[in-house]
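K.L.:
If you scroll down you'll find the structure; I have some questions about it.
The values are calculated or read from the model by the stated rules, or taken from the named source; none is laboratory data. Since we're looking at a predicted model, the values are computed, not measured. Every residue, glycine as well, gets a Cβ built from its backbone with ideal geometry; the counts of neighbours run over all protein chains shown.
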Amino acid sequence: MNIAATIQKPFEPWIKLFKGELPKQTIASTIKAIVTPMIGILVFLMLWEVGASRVETSLGTFPGPKEVYVQAGNLVADHNRLREKEAAFYQRQEERNAKKLEKNPDAEIKIRKFNGKATFFDQIGTSLITVMSGFIIATIIAVPLGIVIGLSRTLNSALNPVIQTFKPVSPLAWLPLVTMVVSAVYVSDDPMFDKAFLNSMITVTLCCLWPTVLNTSVGVASVSQDLQNVSKVLRLSWFTHVLKIVLPSSVPMIFTGLRLSLGIAWMVLIAAEMLAQNPGLGKFVWDEFQNGSSDSLGRIMTAVLVIGFIGFLLDRIMLTMQKAVSWDKNAEIR
Amino acid sequence: MSKPHLELTGVGIEFPTPTGPFRALTDVNLKIEKGEFISLIGHSGCGKSTVLNIVAGLYQATEGGAILDGKEVNEPGPERAVVFQNHSLLPWLTAYENVELAVKQVFRGKKSRVEMKEWIEHNLHLVHMDHAMHKRPDEISGGMKQRVGIARALAMQPSVLLMDEPFGALDALTRAHLQDSLMEIQSVLNNTVIMITHDVDEAVLLSDRIVMMTNGPAATIGEVLTVDLERPRSRLELADDAKYNHYRSEVLKFLYEKQKKVDTSQPKLKVVEEDDSSDEKEVA
């Protein structure tokens, strides 16, 4: 199964309905599969609309679905406008430079970068890059660490209290420490990475390490005794044993951990970006909050829905990978 | 007199438990010649598997030990290949790859890539698994999995083949098929085999000698029965054979008269104990 297919899965009945390719006997069950979530969404939208209209804030009424729809449209329009501006800017610059060169082929040409404000979609991109960097670094640390811990009972009892202590720590507690350490350690005249990016990313890493470490170590520790005996009878070397027996055997657990980790990473990221001022979705929410215009709440609510939906998609992608690598095809993964 | 192929001398083993050491085996002595097929039979919990695990090197005997071809056994190794009760195939590998893992490990540097491939296929052919060799364990039946387990063990070219209740988890028909396959393979390879079994018919049909074990704790060898039946043996012809039935009743007598057992986990076997001999006591 490819990733696109898994992402499509919850929407499959809808897609089929629109394509009109449903066999008759399944129509009843498909209608059920479509109608039930449909009713759920509609009820939610109604409650939202009714509830929102009763909440008065200093920035106006709490945004209902209509307001969010309008603001989502505005955000798309903003984005398109800025892209047009950018294209126009580069075109003007090119024309100017071409003219200059016509007059004097040796003329020095300056190429300026377009310096527009980041749009909502740029911010989504930044957030995704940040979360993936943090998550990948966490994976690179957590999987080997989990394997080593899982292989040794001593190491497990030595490190377990430490892991259990750090696991519930909020990103907001880490961030000040990370910020100070980064600004003390990462000193460079021409920094490759923005400090705000590093702060957010490291905070994400610190918070999402633990589920992968724990699940990997449990997976490794619970390799069946029979398979370990096979390994002993074959006199597999330590390395071959880990590579051929331990790793494949614990892959399902490792991916369970990774999926949990990515979920936490995405949740933590928004808070981290808000405080670290990394130009992603967290900063978007914060800026809108500070901005305090009549549109702000609608825009924030749009961001909330987008954050939720992206989180859902990330989880689906991990689920696909988890299913693809799991050797236990009978296990129900959801 | 030539030295035996495999010799167990004064083997005893104690397991540490929170309530003090538990003595599972005591003074097990057994000599096995090359090419012999030995069955270990006894009630569950009598330490049959422990004997096998000591020969395999997975357990260390507390006293005494096993000597194979003049060398003491003190760690597991492929020259004492084990067929495990629940097949123990790596579930993420195909039948072929499972055997390949063993072959690569045992014949690294001794066989070329092509020779290895032939050897793997040859062993899968021996157990009649050529048609499904690229299937994974979850795609084949229990009997087929056990066939692959046997192929993996045979592929290691062991000097002793150890089988831990290899057919215990299979239904009667599948078990009969596998027993026939095993006899067929034995007629060609003539391996030295130690097999643990619960099944009296299986023991008599397959073995050259049946080693009957007393009940634990501190179990030991009770009697050894030599099965002097012509090979190849056929289960149909033997069904009415007087000698066969005699051997069968010998084993049954040992198990159900001399070594009666009160087993709370198996109500069917429950026998009211009248005379209380020392080696029949249950562990509290």
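K.L.:
Of the conditions (1) modelled with pLDDT of 95 or more; (2) within 27 Å of A:T61 (Cα to Cα); (3) among the hydroxyl-bearing types (S, T, Y), A:S293 clears all except one; give me its number.
P.N.:
Tallying (1) modelled with pLDDT of 95 or more; (2) within 27 Å of A:T61 (Cα to Cα); (3) among the hydroxyl-bearing types (S, T, Y), A:S293 fails exactly one: (1).
K.L.:
Considering each of B:E79, B:E97, B:E115 in turn, give the residue that is surrounded by fewer than 19 Cβ atoms within 10 Å (Cβ to Cβ), in contact with a strand residue (DSSP E or B) (Cβ under 8 Å, 6 or more places away or on another chain), at pLDDT 90 or above and within 25 Å of B:R147 (Cβ to Cβ).
P.N.:
B:E79
K.L.:
One residue is enough: does the range A:313-321 have a residue meeting the conditions among the acidic types (D, E), part of a helix (DSSP H, G or I) and surrounded by 22 or more Cβ atoms within 10 Å (Cβ to Cβ)?
P.N.:
The answer is no; no qualifying residue exists.
K.L.:
Determine whether A:T30 is more than 30 Å from A:S294 (Cα to Cα), at pLDDT below 90 and in contact with a Pro (Cβ under 9 Å, 6 or more places away or on another chain).
P.N.:
So A:T30 passes the test.
K.L.:
Filter the range A:230-239 for residues that are assigned to a helix (DSSP H, G or I) and within 13 Å of chain B (Cβ to nearest Cβ); which is surrounded by the most Cβ atoms within 10 Å (Cβ to Cβ)?
P.N.:
A:V233
K.L.:
Specify the residue that is farthest from the other protein chains (Cβ to nearest Cβ); the eligible residues are those in the range A:240-263 that are farther than 19 Å from A:F135 by Cβ, in contact (Cβ under 8 Å) with a residue 12 or more places away in the chain and hydrophobic (A, V, I, L, M, F, W, C).
P.N.:
Only one residue tops the list, namely A:V242.
K.L.:
Being of a type outside the set (A, V, I, L, M, F, W, C), within 30 Å of A:T320 (Cα to Cα) and either in contact (Cβ under 8 Å) with a residue 40 or more places away in the chain or in the same structural domain as A:I307 (by TED's automatic domain parsing) (or both), is that true of even one residue in the range A:101-122?
P.N.:
We begin by selecting, within the range A:101-122, every residue of a type outside the set (A, V, I, L, M, F, W, C); these are A:102-106, A:108, A:110, A:112-113, A:115-117, A:119, A:122.
Then drop every residue that is not within 30 Å of A:T320 (Cα to Cα), which leaves A:122.
Keeping just the survivors that are either in contact (Cβ under 8 Å) with a residue 40 or more places away in the chain or in the same structural domain as A:I307 (by TED's automatic domain parsing) (or both) gives A:122.
Among the residues of the range A:101-122, at least one is of a type outside the set (A, V, I, L, M, F, W, C), within 30 Å of A:T320 (Cα to Cα) and either in contact (Cβ under 8 Å) with a residue 40 or more places away in the chain or in the same structural domain as A:I307 (by TED's automatic domain parsing) (or both), which makes the answer yes.
K.L.:
Would you mind finding the one in B:I13, B:I38 that is closer than 18 Å to B:S207 by Cβ and either of a type in the set (A, V, I, L, M, F, W, C) or free of Cβ contacts under 8 Å to residues at least 12 places away in the same chain (or both)?
P.N.:
Just one listed residue meets the conditions, B:I38.
For (1) among the β-branched types (V, I, T); (2) under 30 Å from A:Q71 (Cα atoms), each residue gets a yes or a no:
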{"site": "A:N229", "(1), (2)": "no, no"}
{"site": "A:L247", "(1), (2)": "no, no"}
{"site": "A:S250", "(1), (2)": "no, no"}
{"site": "A:M267", "(1), (2)": "no, yes"}
{"site": "A:L275", "(1), (2)": "no, yes"}
{"site": "A:I300", "(1), (2)": "yes, yes"}
{"site": "A:L314", "(1), (2)": "no, yes"}
{"site": "A:K323", "(1), (2)": "no, no"}
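K.L.:
May I ask you to say which residue of A:L258, A:L247 is farther than 21 Å from A:F312 by Cα and part of a helix (DSSP H, G or I)? Even if it seems obvious, please write down each step before you answer.
P.N.:
Values: A:L258 fails: farther than 21 Å from A:F312 by Cα.
It is A:L247.
K.L.:
Looking at the range A:161-169, can you tell me whether even one residue there is surrounded by 11 or more Cβ atoms within 10 Å (Cβ to Cβ), hydroxyl-bearing (S, T, Y) and in a helix (DSSP H, G or I)?
P.N.:
no
K.L.:
Surrounded by fewer than 21 Cβ atoms within 10 Å (Cβ to Cβ), touching a residue at least 60 places away in the same chain (Cβ under 8 Å), away from every other protein chain (no Cβ under 14 Å) and part of a helix (DSSP H, G or I): which single residue out of A:V181, A:V218 fits that description?
P.N.:
Step by step, each of A:V181, A:V218 is checked, and only A:V218 is surrounded by fewer than 21 Cβ atoms within 10 Å (Cβ to Cβ), touching a residue at least 60 places away in the same chain (Cβ under 8 Å), away from every other protein chain (no Cβ under 14 Å) and part of a helix (DSSP H, G or I).
K.L.:
Ok, one more. Would you check which residues across the range A:39-61 are among the hydrophobic types (A, V, I, L, M, F, W, C) and in a loop (DSSP other than H, G, I, E, B) and list them?
P.N.:
If the condition is that a residue be among the hydrophobic types (A, V, I, L, M, F, W, C) and in a loop (DSSP other than H, G, I, E, B), then A:V55, A:L59 are the ones that fit.
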